[in-house]
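Visitor: So that we are looking at the same thing, I have put the structure below in C-alpha cells.
The values are calculated or read from the model by the stated rules, or taken from the named source; none is laboratory data. Every value quoted in this text rests on a predicted model; they were computed, and no experiment measured them. Ideal geometry is used to build each Cβ from the backbone, glycine not excepted, and the neighbour counts take in all protein chains shown. Surface accessibility is based on the protein's heavy atoms, side chains included, excluding ligands, DNA and RNA. Shrake-Rupley method; radii C 1.70, N 1.55, O 1.52, S 1.80 Å.
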Amino acid sequence: NIIIGIFTFAQKNMCNKSPTTRSRPHGRATGGGDESYRSVPTNTAPSEKEIPKQNTKCWHVCKHLSVIVFVSAIIYYLSFEELLSFNGLNRSIAEQTDCLAESESQLFSKDDRVYTVNQQNHKDKKNRTKATSSSPHIVWLMTFPNSGTSYTMTNIKRVSQRSTATNYKRELTNQNLSAIPVYDHSPFGPFLLKGLDSVDRTMLPQKYLMTKTHCGGRCTFCDSVASVETPHSFLRACRSDQGTLHPYDPELVHKAVHLFRNPFDNVVARFHLALKSGRSAEYSKSKEGFLEFCEMIDTKFGKQSRLISRLTEPSILNTLKSVPCYLDFIRYVEWHNLAFVTTDELDLPTYRFHYEDYETNYNQTVNGLLNFLELDRKGGNLEFITGKSYQYFTLKQKKDASKALEQLSSKRTWENIQHYFPKP
C-alpha cells in the first residue's frame, strides 16, 4: 500500500506536470519599486523528446524511493517477528516464575505495580539520598523458609515491644491488615508488621528494624530454571517482594541476621508448609507421607532439572539422588552460599545463629539478638516449643547428603552446617 501510494503521488504531482518557466513582466509591479517575478505556463508545449526524458528521470526517483520503502518494510516485519518470539520467551520465563507463588511467596496486586518508569527514575536520585539518612535502618532477617523465621520475628517483637517489618505485602493483606510502608519514599516495601500477635503496644524502634526476607532460590514446586539464582538476582530478591519490579534501595539495609536450621528438619518443615498451603493435601503428615511427597517432587522436577545437572558434577548428583527431596537440599545449600555472598557484597555486619540455640541456650540467644538490634528488653519471652526434629532419614541417606553437600557448600556454609551430619 505504501509503494502504490508513492507511485500515485509521484504520477500526479511530479511526473505529469507541465514544465513552467519564469518570465520578467514588461512593466513594474503595481505599488512596488522592485521588479517582481512570477511563474507562468509556457506558451509552447514541450517537444516530444522532452516529455519522455522528464518522466524517465522522475520514474527513476520513484523507483529508488520504492525500493527503500520495500526494504524497510521487510526489516520492520522481521523485527516484529523477532519481538513476538522474544515475548514468547518472556511468557515462558513468566510461567516458570509463577511457580514461586507458594504460601511464603508474597505478590503485589496489579494496581500496586502501576508505577511508571518515568516516575521511578525521577525519584531514584532523591530517594537514594533519603535512604542513607532514613531511620530506623533495616536489619534483614535472612532465612531459608521454615528455619524459625516466624518465631524469631514474633519473639523479638514481644520482648522489645517494638515493631518488626516484612518484605511481603500479602502477609498483611491476607489477614485484612493494612500494608503500611516503613518509609514514605519507598512505597514498594518493606512494610510494618502490626497486629500479628496479642501485643498491641508496638512502636517503631529508633535505630534498627528487623525485616523478614527469604531472598530467592527457594521454590519447592519449580524446576531448575526457577530455582537457580545468580548473586545479582538473589540480592534483588532479598530487597523486594516476589513479583514487584521495584526492589527497594540497598542503602536502607545496614545489618543482617542469618539464621540456620538442621537441613533434614528444614526440608521436612517445608513439606509441612506444602500440606498447610493445600498444595499437597493428598499426603499424610507422617514419615510415609513425606517419602511419598518427595518421590513425587524428585520424579516430576528431577527429570526437568537439566540445568542443575549441568551445574553439578554427575558423581555428586548421583550420590545425592538417594536422599528424599534431594532438590531441596541443593536449594538449601545454594541459598546459604548466596546469603554469605550478599552480606559480603553489601558489607553488612551480620549476626549468625542456629535454630537449636533457642533450645540449648535460650537467654543468651535472645539477648544476643537484642544487643545486635540495640533494643531493650521490655516484655516477656514467647514460649519456644521444642521437639521439632524429625527422624525421617536413614543413616546412609544422611551420609550421602553429607558427602554431596560438603562439595556443594562454600567454606563458610559448611562450617555452619557440618555438625548436622554424621561424622565420617
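Visitor: Output the residue which, of all residues in the stretch 378-424 that are among the small types (Gly, Ala, Ser) and in a helix (DSSP H, G or I), is farthest from LYS321 (Cα to Cα).
Guide: Restricting attention to the stretch 378-424, the residues satisfying the condition of being among the small types (Gly, Ala, Ser) are 379-380, 387, 389, 401-402, 404, 409-410.
So of that shortlist, the ones also in a helix (DSSP H, G or I) come out as 401-402, 404.
Numbers: ALA401: 9, SER402: 12, ALA404: 10 Å.
By that ranking, first place goes to SER402.
Visitor: Consider ARG239 carefully, then state whether it is farther than 30 Å from PHE290 by Cβ and touching a residue at least 40 places away in the same chain (Cβ under 8 Å).
Guide: yes
Visitor: Can I ask one more? Take the stretch 318-341 and flag every residue that is farther than 15 Å from ASN416 by Cβ and either surrounded by fewer than 18 Cβ atoms within 10 Å (Cβ to Cβ) or among the hydroxyl-bearing types (Ser, Thr, Tyr) (or both).
Guide: Hits for the stretch 318-341 are ASN318, THR319, LYS321, SER322, TYR326.
Visitor: On to the next question. Give all pairs with beta carbons closer than 9 Å in which a residue from the stretch 363-376 that is in contact (Cβ under 8 Å) with a residue 24 or more places away in the chain and among the aromatic types (Phe, Trp, Tyr) meets a residue that is outside any helix (DSSP H, G or I) and open to solvent by less than 10 Å² (accessible area, probe 1.4 Å); count only pairs at least 6 apart in sequence or on separate chains.
Guide: The qualifying pairs are PHE372/VAL139; PHE372/VAL257.
Visitor: Find the residue count for the stretch 164-177, including only residues that are at pLDDT below 90 and either open to solvent by 10 Å² or more (accessible area, probe 1.4 Å) or in contact with a helix residue (DSSP H, G or I) (Cβ under 6 Å, 6 or more places away or on another chain) (or both).
Guide: Summing the residues that are at pLDDT below 90 and either open to solvent by 10 Å² or more (accessible area, probe 1.4 Å) or in contact with a helix residue (DSSP H, G or I) (Cβ under 6 Å, 6 or more places away or on another chain) (or both) in the stretch 164-177 gives 8.
Visitor: Does PHE353 satisfy the criteria of being open to solvent by less than 90 Å² (accessible area, probe 1.4 Å), at pLDDT 95 or above and in a loop (DSSP other than H, G, I, E, B)?
Guide: The answer is no for PHE353.
Visitor: A follow-up question, please. When the residues of the stretch 365-407 are narrowed to those that are among the polar types (S, T, N, Q) and surrounded by 14 or more Cβ atoms within 10 Å (Cβ to Cβ), which ends up nearest to ILE417 (Cα to Cα)? Show your work before the answer.
Guide: So the first thing to find is which residues in the stretch 365-407 are among the polar types (S, T, N, Q), and the list is 365, 367, 371, 381, 386, 389, 391, 394, 397, 402, 407.
If we keep only those that are surrounded by 14 or more Cβ atoms within 10 Å (Cβ to Cβ) too, we end up with 365, 397, 402, 407.
Values: THR365: 18, GLN397: 16, SER402: 10, GLN407: 13 Å.
So, considering only residues that are among the polar types (S, T, N, Q) and surrounded by 14 or more Cβ atoms within 10 Å (Cβ to Cβ), the one nearest to ILE417 (Cα to Cα) is SER402.
Visitor: Considering LEU311, LEU327, LEU273, LEU320, which residue is at pLDDT 85 or above and farther than 20 Å from GLN397 by Cβ?
Guide: LEU273
Visitor: So LYS388 fits all but one of (1) under 25 Å from CYS294 (Cα atoms); (2) modelled with pLDDT of 95 or more; (3) of a type in the set (Lys, Arg); what number is the exception?
Guide: Condition not satisfied by LYS388: (2).
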